[in-house]
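Novice: Please read through the structure below; I'll follow up with questions.
The values are calculated or read from the model by the stated rules, or taken from the named source; none is laboratory data. Every value quoted in this text rests on a predicted model; they were computed, and no experiment measured them. When we count neighbours, we look across all protein chains shown, and the Cβ atoms used for this are built from the backbone with ideal geometry, even at glycine.
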Amino acid sequence: MDYRDRVKQQIDQYADISDMHAQLSSITDYWKRTYMSPHFNEVTGMSNYIEFYAKPFADRISKTGEKNLVSLGSGDGALEVMIAKKMKALGCDDFIFNLVELSPAQISRAKDNIKNAGLIANFNTIEADFNEWTADITYSGVMAHHALHHVLELEHLFEAIKAGLHPEGVFVSFDMIGRNGHMRWPEALEFIERIWKFLPPEKKYHHLLKTDFDEFYNHDCSNQGFEGIRSQDILPLLVKYFNFEIFFAYGNITDEFINRAYGPNYDPENVQDVALIDFIEYLNNTLIDVGYIKPTKMAAAMTLGPVENPKYFRNWSPEFCVRVVEN
């Protein structure tokens, strides 16, 4: 697909979406409460993703004296507004959040969100394609929240982040690190297909595509815009370009049963549904423990300099979690 066509699709995809991270199912909430949140807190010492950005940013601004932050692929800016509020609650008031976003519609929403929050003095919006973005000032903190899997020119972006990040700054990200297009690799697919065979028909309805799949459909999302365009390259490149203070990895097989597509088929009030999700999560983590499959999502706080005591979940270091792609 032509690059300009992908850009247009990317902009059009979110033109009428005010909350890009909505539409999660109730079974996702169950999984987060039961599994992700306790493990995330254990590794990071933080209770949620707002703190995961706000605390490192407030700390780095204090250490470096550099008040500029940048969010790459900031969307409507709602998340950054919440982070800014948390930073102020932590006693950090003097900062500028630079929001880099491709979509004019999302920038317009961001300006409204910033104004309504009374934070105009703390924000700056920049309409730009982060495949081409370069830093023209120094930042104490950089964030990319579920944005890296939309980037085609990852090497360029990581070089730009390195060039713009203060030597003692921090790069923080939540993102997808699985197969391109958010597909499953063969080793995970074999388990999903085995589970699929004993599921009743009502569990096989795809709520986004509005159809039933008797055989599991390994959907490639990368044919629309830049969705998951180079997901599988994100973690290997991050390992190459940065050092990790915190790396919390999770997800893979479980994703396909709690996501927007199939998640609504499961009821957290249904004992059998919950038992199935519990079993799949146990299976998923056991297979990651032994290195048979790799996590598909991450939360990471990264630096330019070496880190003495990085924090991981179990033995799931960034290097361990890289899925080697054979040519």
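Novice: Run Ser173 past the list (1) surrounded by 20 or more Cβ atoms within 10 Å (Cβ to Cβ); (2) over 23 Å from Asn243 (Cβ atoms); (3) among the polar types (S, T, N, Q) and report the number of the one that doesn't hold.
Specialist: (2)
Novice: Kindly establish whether Ile258 is in contact (Cβ under 8 Å) with a residue 12 or more places away in the chain, β-branched (Val, Ile, Thr), in contact with a strand residue (DSSP E or B) (Cβ under 9 Å, 6 or more places away or on another chain) and under 26 Å from Val151 (Cα atoms).
Specialist: So Ile258 does not fit the description; no.
Quick grid of which residues meet (1) in a helix (DSSP H, G or I); (2) over 16 Å from the mean Cα position of the chain (by Cα):
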| site | (1), (2) |
| --- | --- |
| Glu132 | no, yes |
| Ile137 | no, yes |
| Ser140 | no, yes |
| Met143 | no, no |
| Glu159 | yes, yes |
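Novice: Another question, if that's okay. Within the stretch 257-301, how many residues turn out to be assigned to a loop (DSSP other than H, G, I, E, B) and either closer than 23 Å to Gly178 by Cα or modelled with pLDDT under 95 (or both)? Lay out the reasoning, then the answer.
Specialist: Step one: of the stretch 257-301, the residues assigned to a loop (DSSP other than H, G, I, E, B) are 259-262, 266-270, 290-296.
If we keep only those that are either closer than 23 Å to Gly178 by Cα or modelled with pLDDT under 95 (or both) too, we end up with 259-262, 290-296.
Result for the stretch 257-301: 11.
Novice: For the stretch 213-232, give me each residue that is more than 16 Å from Arg184 (Cβ to Cβ) and surrounded by 18 or more Cβ atoms within 10 Å (Cβ to Cβ). Give the derivation first.
Specialist: Just the residues of the stretch 213-232 that are more than 16 Å from Arg184 (Cβ to Cβ), to begin with: 214, 223-226, 229-230.
Gly225, Phe226, Ile229, Arg230, listed by residue number.
Novice: Tell me which of these Asp94 doesn't satisfy, since it passes every other one: (1) over 30 Å from Lys311 (Cα atoms); (2) outside any helix (DSSP H, G or I).
Specialist: (1) is the only condition that Asp94 fails.
Novice: Go through the residues of the stretch 192-214 one by one and say whether even a single one is in a strand (DSSP E or B) and under 16 Å from the mean Cα position of the chain (by Cα). Explain how you work it out, then say what you get.
Specialist: From the stretch 192-214, those in a strand (DSSP E or B) are 205-206, 211-212; that's our starting set.
Within this subset, residues satisfying the condition of being under 16 Å from the mean Cα position of the chain (by Cα) are none.
Scanning the stretch 192-214 turns up no residue that is in a strand (DSSP E or B) and under 16 Å from the mean Cα position of the chain (by Cα).
Novice: Does Lys115 satisfy the criteria of being of a type in the set (Lys, Arg), under 20 Å from Ser173 (Cα atoms) and not in a loop (DSSP other than H, G, I, E, B)?
Specialist: Numbers: of a type in the set (Lys, Arg): yes; under 20 Å from Ser173 (Cα atoms): no; not in a loop (DSSP other than H, G, I, E, B): yes.
No, not satisfied.
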